[in-house]
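This report refers to the structure that appears directly beneath it.
The values are calculated or read from the model by the stated rules, or taken from the named source; none is laboratory data. The structure displayed is predicted, hence computed values, not measured ones. Here the Cβ is made from the backbone with ideal geometry for all residues, glycine too, and neighbour counts use every protein chain on show.
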Amino acid sequence: MYILGVESSCDETAAAVVKDGKEILSNVVVSQIDIFKEYGGVIPEVAARSHLEAILPVVEKALKDANLTWTEIDSIAVTHTPGLLGSLLIGTLTARTLAILHDKPLYPVHHLKSHIYTNWLGDQTPEFPLLALVVSGGHTQIIRMTAHNHFEIIGTTRDDAVGECFDKVAKILGLPYPGGPSISQAAKNGDPKRYHFPHPKLTSPNRSDHSYSDLDFSFSGLKTAVLREVQKAVGKSISFPSYELKNLLTKEQVADFAASFENTATDILIENLKKALERYPDTKSICLAGGVSANDLLREKSRTVFLPDKSLSGDNGAMVAAAAFYEIESGVHPTDPYSVSLAPRSAIDRPLGRGKPKAYSPLGRYNFS
Ligand code: KG4
Ligand code: ZN
(Lines give C-alpha, C1' and ligand atoms only; values in the text may rest on other atoms or scores of the structure.)
(Ligands and ions follow the chains in the order given, each with its own letter.)
Protein backbone atom coordinates (compact mmCIF):
# COMPACT_ATOMS: atom_id res chain seq x y z
CA MET A 1 0.00 0.00 0.00
CA TYR A 2 1.38 3.37 -1.05
CA ILE A 3 0.52 6.27 1.26
CA LEU A 4 1.31 9.90 0.57
CA GLY A 5 1.98 11.69 3.88
CA VAL A 6 1.68 15.48 4.08
CA GLU A 7 2.99 17.52 7.01
CA SER A 8 2.80 21.28 7.60
CA SER A 9 2.06 21.73 11.30
CA CYS A 10 4.88 24.16 12.07
CA ASP A 11 7.74 25.42 9.92
CA GLU A 12 8.48 22.44 7.69
CA THR A 13 6.58 21.78 4.48
CA ALA A 14 6.91 18.06 3.90
CA ALA A 15 5.56 15.20 1.82
CA ALA A 16 6.63 11.60 1.48
CA VAL A 17 5.53 8.33 -0.01
CA VAL A 18 5.82 5.26 2.23
CA LYS A 19 5.14 1.68 1.17
CA ASP A 20 3.34 -0.54 3.70
CA GLY A 21 4.16 1.77 6.61
CA LYS A 22 7.83 0.84 6.44
CA GLU A 23 9.66 1.57 3.22
CA ILE A 24 10.33 5.23 2.49
CA LEU A 25 10.16 5.76 -1.28
CA SER A 26 10.55 9.53 -1.06
CA ASN A 27 10.82 12.10 1.70
CA VAL A 28 10.82 15.79 0.76
CA VAL A 29 11.23 18.40 3.49
CA VAL A 30 11.43 22.13 2.84
CA SER A 31 12.42 23.88 6.04
CA GLN A 32 11.72 27.51 6.86
CA ILE A 33 14.53 27.62 9.42
CA ASP A 34 16.54 30.07 7.34
CA ILE A 35 13.62 32.51 7.34
CA PHE A 36 13.10 32.30 11.10
CA LYS A 37 16.75 32.24 12.15
CA GLU A 38 16.90 36.01 12.17
CA TYR A 39 13.64 36.37 14.10
CA GLY A 40 14.61 33.87 16.80
CA GLY A 41 11.37 31.93 16.38
CA VAL A 42 8.46 31.06 14.10
CA ILE A 43 6.05 33.79 12.97
CA PRO A 44 2.76 31.96 12.27
CA GLU A 45 1.56 34.14 9.37
CA VAL A 46 4.91 33.94 7.61
CA ALA A 47 4.99 30.18 8.14
CA ALA A 48 1.52 29.76 6.60
CA ARG A 49 2.46 31.83 3.56
CA SER A 50 5.67 29.86 3.05
CA HIS A 51 3.72 26.58 3.25
CA LEU A 52 1.36 27.88 0.59
CA GLU A 53 4.23 28.55 -1.79
CA ALA A 54 6.01 25.28 -1.15
CA ILE A 55 3.35 22.65 -0.67
CA LEU A 56 2.36 21.70 -4.22
CA PRO A 57 5.94 21.51 -5.53
CA VAL A 58 6.85 19.46 -2.43
CA VAL A 59 4.00 16.99 -3.05
CA GLU A 60 4.89 16.77 -6.75
CA LYS A 61 8.53 16.08 -5.90
CA ALA A 62 7.53 13.39 -3.39
CA LEU A 63 5.63 11.56 -6.15
CA LYS A 64 8.41 12.06 -8.67
CA ASP A 65 11.13 10.84 -6.28
CA ALA A 66 9.01 7.78 -5.50
CA ASN A 67 8.59 7.20 -9.23
CA LEU A 68 4.85 6.87 -8.85
CA THR A 69 1.80 8.43 -10.46
CA TRP A 70 -1.43 9.42 -8.74
CA THR A 71 -3.14 6.22 -9.86
CA GLU A 72 -0.65 4.19 -7.85
CA ILE A 73 -1.20 6.14 -4.61
CA ASP A 74 -3.66 4.30 -2.37
CA SER A 75 -4.32 6.89 0.34
CA ILE A 76 -3.42 10.39 1.49
CA ALA A 77 -2.54 11.18 5.11
CA VAL A 78 -2.19 14.66 6.55
CA THR A 79 -1.40 16.26 9.92
CA HIS A 80 -4.57 17.98 11.22
CA THR A 81 -3.65 18.60 14.88
CA PRO A 82 -1.84 19.95 16.94
CA GLY A 83 0.15 22.78 15.41
CA LEU A 84 -0.11 26.34 14.14
CA LEU A 85 -3.61 26.80 12.78
CA GLY A 86 -2.57 28.67 9.61
CA SER A 87 0.10 26.07 8.89
CA LEU A 88 -2.28 23.15 9.47
CA LEU A 89 -4.82 24.81 7.24
CA ILE A 90 -2.50 24.82 4.21
CA GLY A 91 -1.57 21.15 4.60
CA THR A 92 -5.11 19.94 5.19
CA LEU A 93 -6.64 22.06 2.42
CA THR A 94 -4.04 20.69 0.02
CA ALA A 95 -4.57 17.08 1.10
CA ARG A 96 -8.36 17.44 1.01
CA THR A 97 -8.30 18.93 -2.48
CA LEU A 98 -5.96 16.23 -3.75
CA ALA A 99 -8.11 13.52 -2.15
CA ILE A 100 -11.21 14.85 -3.92
CA LEU A 101 -9.40 15.45 -7.20
CA HIS A 102 -7.75 12.03 -7.37
CA ASP A 103 -10.48 10.13 -5.56
CA LYS A 104 -8.31 8.88 -2.69
CA PRO A 105 -9.27 8.02 0.89
CA LEU A 106 -8.05 10.69 3.32
CA TYR A 107 -6.62 10.10 6.79
CA PRO A 108 -6.09 13.10 9.11
CA VAL A 109 -3.36 12.21 11.61
CA HIS A 110 -2.36 13.53 15.05
CA HIS A 111 1.14 15.01 14.91
CA LEU A 112 2.48 13.25 18.01
CA LYS A 113 1.19 9.93 16.74
CA SER A 114 3.25 10.50 13.59
CA HIS A 115 6.36 11.26 15.64
CA ILE A 116 5.90 8.01 17.57
CA TYR A 117 5.41 6.04 14.35
CA THR A 118 8.79 7.22 13.07
CA ASN A 119 10.03 4.27 15.12
CA TRP A 120 8.27 1.85 12.74
CA LEU A 121 10.27 3.20 9.83
CA GLY A 122 13.50 1.64 11.10
CA ASP A 123 14.90 -1.87 10.62
CA GLN A 124 13.33 -3.19 13.81
CA THR A 125 9.78 -2.74 15.01
CA PRO A 126 8.87 -1.82 18.60
CA GLU A 127 6.76 -4.23 20.60
CA PHE A 128 3.73 -3.53 22.79
CA PRO A 129 3.29 -2.53 25.54
CA LEU A 130 5.65 0.34 24.91
CA LEU A 131 6.57 3.67 26.41
CA ALA A 132 7.21 6.60 24.09
CA LEU A 133 9.03 9.68 25.26
CA VAL A 134 7.70 12.37 22.94
CA VAL A 135 9.90 15.43 23.02
CA SER A 136 9.28 18.25 20.57
CA GLY A 137 8.94 22.01 20.34
CA GLY A 138 5.37 21.88 21.61
CA HIS A 139 5.19 18.70 23.70
CA THR A 140 6.92 16.66 26.36
CA GLN A 141 5.00 13.54 27.21
CA ILE A 142 5.44 9.94 28.20
CA ILE A 143 2.86 7.89 26.35
CA ARG A 144 2.05 4.25 26.95
CA MET A 145 0.78 2.17 24.06
CA THR A 146 -0.66 -1.28 24.51
CA ALA A 147 -1.60 -1.68 20.83
CA HIS A 148 -1.64 0.32 17.61
CA ASN A 149 -3.81 3.40 18.06
CA HIS A 150 -4.16 3.00 21.86
CA PHE A 151 -2.49 5.86 23.66
CA GLU A 152 -2.39 6.73 27.34
CA ILE A 153 -0.61 9.88 28.45
CA ILE A 154 1.11 8.95 31.72
CA GLY A 155 3.26 12.06 32.07
CA THR A 156 3.09 15.49 30.50
CA THR A 157 4.64 18.91 30.90
CA ARG A 158 2.89 21.38 33.17
CA ASP A 159 4.37 24.37 31.36
CA ASP A 160 7.04 24.64 28.66
CA ALA A 161 7.93 21.78 26.35
CA VAL A 162 11.55 20.67 26.45
CA GLY A 163 12.19 21.80 22.85
CA GLU A 164 10.70 25.19 23.69
CA CYS A 165 13.05 25.32 26.68
CA PHE A 166 16.04 24.62 24.40
CA ASP A 167 14.83 27.41 22.11
CA LYS A 168 14.38 29.91 24.97
CA VAL A 169 17.71 29.10 26.62
CA ALA A 170 19.40 29.50 23.24
CA LYS A 171 17.83 32.95 22.99
CA ILE A 172 19.17 33.84 26.47
CA LEU A 173 22.63 32.70 25.39
CA GLY A 174 22.44 34.53 22.05
CA LEU A 175 22.46 31.31 20.03
CA PRO A 176 20.41 31.02 16.81
CA TYR A 177 16.99 29.40 16.36
CA PRO A 178 16.26 26.51 16.51
CA GLY A 179 17.85 26.27 19.94
CA GLY A 180 18.26 22.49 20.12
CA PRO A 181 20.96 22.04 17.50
CA SER A 182 22.71 25.33 18.36
CA ILE A 183 22.86 24.48 22.08
CA SER A 184 24.25 21.02 21.29
CA GLN A 185 26.85 22.57 19.03
CA ALA A 186 27.93 25.13 21.65
CA ALA A 187 27.88 22.47 24.39
CA LYS A 188 30.52 20.41 22.60
CA ASN A 189 33.28 22.56 24.07
CA GLY A 190 31.56 23.18 27.39
CA ASP A 191 31.77 21.83 30.92
CA PRO A 192 28.42 20.20 31.84
CA LYS A 193 29.26 20.36 35.56
CA ARG A 194 30.12 24.05 35.80
CA TYR A 195 26.62 25.34 36.53
CA HIS A 196 24.09 23.53 38.66
CA PHE A 197 20.42 23.78 37.81
CA PRO A 198 17.68 22.25 39.96
CA HIS A 199 15.45 19.39 38.89
CA PRO A 200 11.75 20.27 39.31
CA LYS A 201 9.87 18.77 42.23
CA LEU A 202 6.20 18.46 41.38
CA THR A 203 4.26 17.83 44.53
CA SER A 204 0.93 19.52 43.79
CA PRO A 205 -1.71 18.73 41.16
CA ASN A 206 -1.67 20.33 37.73
CA ARG A 207 -3.37 23.73 38.04
CA SER A 208 -5.18 23.47 34.71
CA ASP A 209 -7.02 20.17 35.21
CA HIS A 210 -6.08 19.13 38.77
CA SER A 211 -4.52 15.93 37.49
CA TYR A 212 -1.43 14.68 39.19
CA SER A 213 1.32 12.39 38.02
CA ASP A 214 4.82 12.20 39.39
CA LEU A 215 5.79 11.42 35.80
CA ASP A 216 4.89 14.98 34.82
CA PHE A 217 7.53 17.47 33.68
CA SER A 218 8.16 21.14 34.23
CA PHE A 219 10.70 23.09 32.22
CA SER A 220 9.91 26.74 32.83
CA GLY A 221 11.82 26.67 36.15
CA LEU A 222 14.91 25.36 34.39
CA LYS A 223 14.78 28.19 31.85
CA THR A 224 14.44 30.74 34.69
CA ALA A 225 17.31 29.11 36.61
CA VAL A 226 19.55 29.48 33.54
CA LEU A 227 18.53 33.13 33.19
CA ARG A 228 19.29 33.85 36.87
CA GLU A 229 22.68 32.16 36.62
CA VAL A 230 23.50 34.07 33.43
CA GLN A 231 22.50 37.33 35.13
CA LYS A 232 24.78 36.42 38.04
CA ALA A 233 27.63 35.60 35.66
CA VAL A 234 27.41 38.96 33.87
CA GLY A 235 26.62 40.86 37.07
CA LYS A 236 23.47 42.43 35.62
CA SER A 237 19.80 41.78 36.12
CA ILE A 238 18.84 42.02 32.47
CA SER A 239 15.36 40.74 31.71
CA PHE A 240 14.51 38.16 29.08
CA PRO A 241 14.49 38.32 26.11
CA SER A 242 17.54 40.46 25.81
CA TYR A 243 20.02 40.59 23.03
CA GLU A 244 22.46 42.40 25.34
CA LEU A 245 23.33 39.33 27.35
CA LYS A 246 25.08 37.56 24.52
CA ASN A 247 27.62 40.34 24.21
CA LEU A 248 28.43 40.10 27.90
CA LEU A 249 29.09 36.37 28.00
CA THR A 250 32.43 34.90 26.96
CA LYS A 251 32.47 32.05 24.44
CA GLU A 252 33.59 29.74 27.22
CA GLN A 253 30.69 30.79 29.44
CA VAL A 254 28.19 30.21 26.62
CA ALA A 255 29.65 26.73 26.05
CA ASP A 256 29.50 25.89 29.77
CA PHE A 257 25.95 27.21 30.12
CA ALA A 258 24.87 25.24 27.04
CA ALA A 259 26.53 22.04 28.28
CA SER A 260 25.20 22.37 31.86
CA PHE A 261 21.68 23.11 30.62
CA GLU A 262 21.70 20.27 28.10
CA ASN A 263 22.95 17.88 30.76
CA THR A 264 20.21 18.87 33.22
CA ALA A 265 17.38 18.88 30.65
CA THR A 266 18.29 15.41 29.36
CA ASP A 267 18.72 14.08 32.93
CA ILE A 268 15.20 15.26 33.80
CA LEU A 269 13.79 13.43 30.77
CA ILE A 270 15.65 10.21 31.51
CA GLU A 271 14.75 10.30 35.22
CA ASN A 272 11.02 10.30 34.47
CA LEU A 273 11.40 7.70 31.76
CA LYS A 274 13.13 5.39 34.26
CA LYS A 275 10.36 6.05 36.79
CA ALA A 276 7.77 5.18 34.14
CA LEU A 277 9.59 1.96 33.37
CA GLU A 278 9.51 0.98 37.06
CA ARG A 279 5.80 1.73 37.13
CA TYR A 280 5.11 -0.39 34.03
CA PRO A 281 7.39 -3.43 34.32
CA ASP A 282 5.57 -5.18 31.44
CA THR A 283 7.06 -2.62 29.00
CA LYS A 284 8.64 -4.37 26.03
CA SER A 285 9.97 -1.34 24.10
CA ILE A 286 10.87 2.26 24.80
CA CYS A 287 10.76 4.74 21.92
CA LEU A 288 12.02 8.26 21.57
CA ALA A 289 10.09 10.62 19.30
CA GLY A 290 9.98 14.27 18.22
CA GLY A 291 12.51 16.91 17.26
CA VAL A 292 14.47 16.75 20.53
CA SER A 293 15.11 13.05 19.96
CA ALA A 294 17.84 14.21 17.55
CA ASN A 295 19.81 15.36 20.60
CA ASP A 296 23.04 13.36 20.82
CA LEU A 297 23.32 13.51 24.59
CA LEU A 298 19.74 12.29 25.03
CA ARG A 299 20.40 9.49 22.55
CA GLU A 300 23.57 8.54 24.40
CA LYS A 301 21.79 8.52 27.76
CA SER A 302 19.01 6.30 26.39
CA ARG A 303 21.06 3.71 24.61
CA THR A 304 18.77 0.75 25.03
CA VAL A 305 15.71 2.32 23.47
CA PHE A 306 14.32 2.69 19.96
CA LEU A 307 15.71 5.81 18.43
CA PRO A 308 14.24 7.26 15.27
CA ASP A 309 16.72 7.82 12.50
CA LYS A 310 18.14 11.28 13.14
CA SER A 311 17.04 12.44 9.71
CA LEU A 312 13.45 11.58 10.66
CA SER A 313 13.43 13.12 14.16
CA GLY A 314 12.10 16.46 12.96
CA ASP A 315 8.85 17.01 11.14
CA ASN A 316 8.43 15.02 7.90
CA GLY A 317 5.77 13.38 5.76
CA ALA A 318 7.07 9.81 6.09
CA MET A 319 6.02 9.59 9.73
CA VAL A 320 2.53 10.81 8.82
CA ALA A 321 2.22 8.09 6.18
CA ALA A 322 3.52 5.45 8.62
CA ALA A 323 1.02 6.49 11.30
CA ALA A 324 -1.82 6.38 8.78
CA PHE A 325 -0.80 2.90 7.62
CA TYR A 326 -1.29 1.53 11.14
CA GLU A 327 -4.58 3.41 11.45
CA ILE A 328 -5.78 1.67 8.30
CA GLU A 329 -4.49 -1.66 9.63
CA SER A 330 -6.46 -1.08 12.83
CA GLY A 331 -9.66 -0.54 10.89
CA VAL A 332 -9.89 3.25 11.12
CA HIS A 333 -12.20 4.70 8.45
CA PRO A 334 -11.10 7.44 6.09
CA THR A 335 -12.48 10.91 6.73
CA ASP A 336 -14.85 12.88 4.55
CA PRO A 337 -12.51 15.27 2.70
CA TYR A 338 -15.22 17.95 2.88
CA SER A 339 -15.14 18.05 6.67
CA VAL A 340 -11.75 17.70 8.27
CA SER A 341 -11.38 19.04 11.82
CA LEU A 342 -8.39 21.17 12.77
CA ALA A 343 -7.13 22.18 16.20
CA PRO A 344 -4.00 23.95 17.39
CA ARG A 345 -4.14 21.83 20.56
CA SER A 346 -5.47 18.36 21.18
CA ALA A 347 -4.47 15.31 23.18
CA ILE A 348 -3.30 12.16 21.46
CA ASP A 349 -5.66 10.02 23.52
CA ARG A 350 -8.72 12.04 22.49
CA PRO A 351 -8.97 11.84 18.70
CA LEU A 352 -10.30 14.91 17.00
CA GLY A 353 -13.33 14.63 14.74
CA ARG A 354 -13.23 10.88 15.03
CA GLY A 355 -16.65 10.40 16.52
CA LYS A 356 -19.16 8.16 14.87
CA PRO A 357 -18.24 7.77 11.21
CA LYS A 358 -20.54 9.87 9.05
CA ALA A 359 -23.25 7.98 7.23
CA TYR A 360 -23.46 10.71 4.63
CA SER A 361 -20.70 12.08 2.50
CA PRO A 362 -21.33 14.86 -0.04
CA LEU A 363 -19.46 12.75 -2.55
CA GLY A 364 -21.18 9.54 -1.60
CA ARG A 365 -18.01 7.66 -2.41
CA TYR A 366 -17.02 6.34 0.97
CA ASN A 367 -18.85 3.65 2.74
CA PHE A 368 -18.85 4.88 6.33
CA SER A 369 -21.47 2.52 7.66
O1 KG4 B 1 9.25 17.81 16.35
P2 KG4 B 1 9.78 19.12 15.92
O3 KG4 B 1 10.61 19.18 14.68
O4 KG4 B 1 8.60 20.15 15.76
C5 KG4 B 1 7.53 20.14 16.67
O6 KG4 B 1 6.66 19.27 16.51
O7 KG4 B 1 7.58 20.96 17.60
O8 KG4 B 1 10.63 19.70 17.15
C9 KG4 B 1 11.24 20.93 17.11
C10 KG4 B 1 12.02 21.12 18.39
C11 KG4 B 1 12.64 22.52 18.50
O12 KG4 B 1 12.30 23.06 19.76
C13 KG4 B 1 14.13 22.26 18.38
O14 KG4 B 1 14.92 23.18 19.11
C15 KG4 B 1 14.24 20.86 18.94
O16 KG4 B 1 13.11 20.19 18.45
N17 KG4 B 1 15.46 20.17 18.49
C18 KG4 B 1 16.42 19.77 19.33
C19 KG4 B 1 17.45 19.23 18.51
N20 KG4 B 1 17.06 19.31 17.20
C21 KG4 B 1 15.83 19.90 17.21
N22 KG4 B 1 16.53 19.83 20.67
C23 KG4 B 1 17.66 19.37 21.24
N24 KG4 B 1 18.68 18.86 20.51
C25 KG4 B 1 18.63 18.76 19.17
N26 KG4 B 1 19.64 18.25 18.48
ZN1 ZN C 1 6.95 17.77 15.36
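Yes or no: the stretch 46-56 includes at least one residue that is crowded, with 16+ Cβ neighbours inside 10 Å, closer than 14 Å to residue 342 by Cβ and within 16 Å of ligand 2 (Cβ to nearest atom). Within the stretch 46-56, one or more residues are crowded, with 16+ Cβ neighbours inside 10 Å, closer than 14 Å to residue 342 by Cβ and within 16 Å of ligand 2 (Cβ to nearest atom). Considering the stretch 92-138, and only residues there that are of a type in the set (Phe, Trp, Tyr) and within 24 Å of residue 266 (Cα to Cα), the residue that is nearest to ligand 1 (Cβ to nearest atom) turns out to be 117. If we scan the stretch 265-272, do we find a residue that is within 14 Å of ligand 1 (Cβ to nearest atom), modelled with pLDDT under 95, assigned to a helix (DSSP H, G or I) and more than 30 Å from residue 99 (Cα to Cα)? No, every residue in the stretch 265-272 fails to be within 14 Å of ligand 1 (Cβ to nearest atom), modelled with pLDDT under 95, assigned to a helix (DSSP H, G or I) and more than 30 Å from residue 99 (Cα to Cα). Might you check whether a residue that is among the acidic types (Asp, Glu) and either farther than 22 Å from residue 18 by Cβ or at pLDDT below 90 (or both) occurs anywhere in the stretch 310-327? So far as the stretch 310-327 goes, no, none of its residues is among the acidic types (Asp, Glu) and either farther than 22 Å from residue 18 by Cβ or at pLDDT below 90 (or both). The sole residue among 118, 157 that is under 16 Å from residue 285 (Cβ atoms), within 16 Å of ligand 2 (Cβ to nearest atom) and touching a residue at least 12 places away in the same chain (Cβ under 8 Å) is 118.
In the set (1) within 16 Å of ligand 2 (Cβ to nearest atom); (2) outside any helix (DSSP H, G or I), the condition left unmet by residue 127 is number (1). In the stretch 273-282, the residue that is nearest to ligand 2 (Cβ to nearest atom) out of those that are in contact (Cβ under 8 Å) with a residue 60 or more places away in the chain and not in a helix (DSSP H, G or I) is 280. Pairing residues of the stretch 283-296 that are at negative phi and touching a residue at least 60 places away in the same chain (Cβ under 8 Å) with residues that are within 11 Å of ligand 1 (Cβ to nearest atom) and charged (D, E, K, R), at Cβ distances under 8 Å and at least 6 apart in sequence or on separate chains, gives 288/299; 291/315; 293/299; 294/310; 295/262. Of the residues that make up the stretch 105-118, is at least one surrounded by fewer than 21 Cβ atoms within 10 Å (Cβ to Cβ) and either farther than 28 Å from residue 153 by Cβ or not assigned by TED's automatic domain parsing to the domain that holds residue 167 (or both)? Scanning the stretch 105-118 turns up at least one residue that is surrounded by fewer than 21 Cβ atoms within 10 Å (Cβ to Cβ) and either farther than 28 Å from residue 153 by Cβ or not assigned by TED's automatic domain parsing to the domain that holds residue 167 (or both).
Across the stretch 121-136, the number of residues qualifying as farther than 23 Å from residue 281 by Cβ and surrounded by fewer than 24 Cβ atoms within 10 Å (Cβ to Cβ) comes to 3. Scanning the stretch 320-344 for residues that are within 16 Å of ligand 1 (Cβ to nearest atom) and either farther than 13 Å from residue 24 by Cβ or in contact with a His (Cβ under 6 Å, 6 or more places away or on another chain) (or both) returns 323, 342, 343, 344. From the list 188, 171, the lone residue that is surrounded by fewer than 19 Cβ atoms within 10 Å (Cβ to Cβ), within 14 Å of ligand 1 (Cβ to nearest atom) and basic (Lys, Arg) is 188. Of the listed requirements (1) outside the structural domain of residue 261 (by TED's automatic domain parsing); (2) closer than 22 Å to residue 351 by Cβ, residue 101 misses just one: (2). The condition (being in contact with a Cys (Cβ under 7 Å, 6 or more places away or on another chain) and assigned to a helix (DSSP H, G or I)) is satisfied by just one residue among 116, 35, 55: 116.
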